[in-house]
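Heads up, the thing below is written out as structure tokens.
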Amino acid sequence: MTSSSAGGARWRPWAGRAIGLCVLIAGGLYGCGRAADHAVDRMMVVDAEESVRPELIREATEYGGWVLPDGAEVLLVQREIIRDRNYRIAVTTNPADLALMLEHSRFPAVLTRDYPPFTIKTIAGPPLESSPRVEHGQEAWFTSSSGKVMIREVTVDVRDADTRFVHIEFRGV
């Protein structure tokens, strides 16, 4: 055995232990970082509001790049900010104004029939479970004119031939 190979044999047990120790330290630091992030999230104060104030309606529609037709009646707007912004808007309208709203808001998703259990949380209007027909569409990764990236989701309660309860949600990502 040469002297260089003998020296290498002496360091092999230490090298394995050193690598194991590095992995252990890295795992501990990762776990501590995740715990700190969780603690920060728990300490964050929720900024939430529900109303039909014109300022909140404007804030929500501007955030989501959404256009409400003149004939639509806003039932309620909800804002919740924890880490990302989330807005929900409940509107009642007619089929023609619904089509205009989707077109002017550049909502490209096709609305398809949806069945219970419904995943959307409604904030106003009758329960979706009592509707004869529910339609749903989602646009992932919409970027607003101000550069905000979000998911836009629309659920339509087709209550009768003339009435649509529209549940709109913007979730920041």
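Laboratory data are not the source of any read-out in this text; all were calculated from the coordinates shown. None of these values were measured; they are calculated from a predicted model.
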**OP:** Would you pull out the residues with amide H under 5 Å of Val67's amide H, same chain only if 5 or more places away, H placed 1.01 Å from N?
**Re:** Ser105
Original post:
How much length is gained on full extension from His104 to Ala140, taking 0.36 nm per residue of separation minus their Cα-Cα distance?
Top reply: 11.2 nm
Original post:
Which translational diffusion coefficient, to the nearest whole µm²/s, is obtained for region 47-172 from the Stokes-Einstein equation, given a Kirkwood hydrodynamic radius over C-alpha pairs, 4 °C and 1.567 mPa s?
Top reply: 89 µm²/s
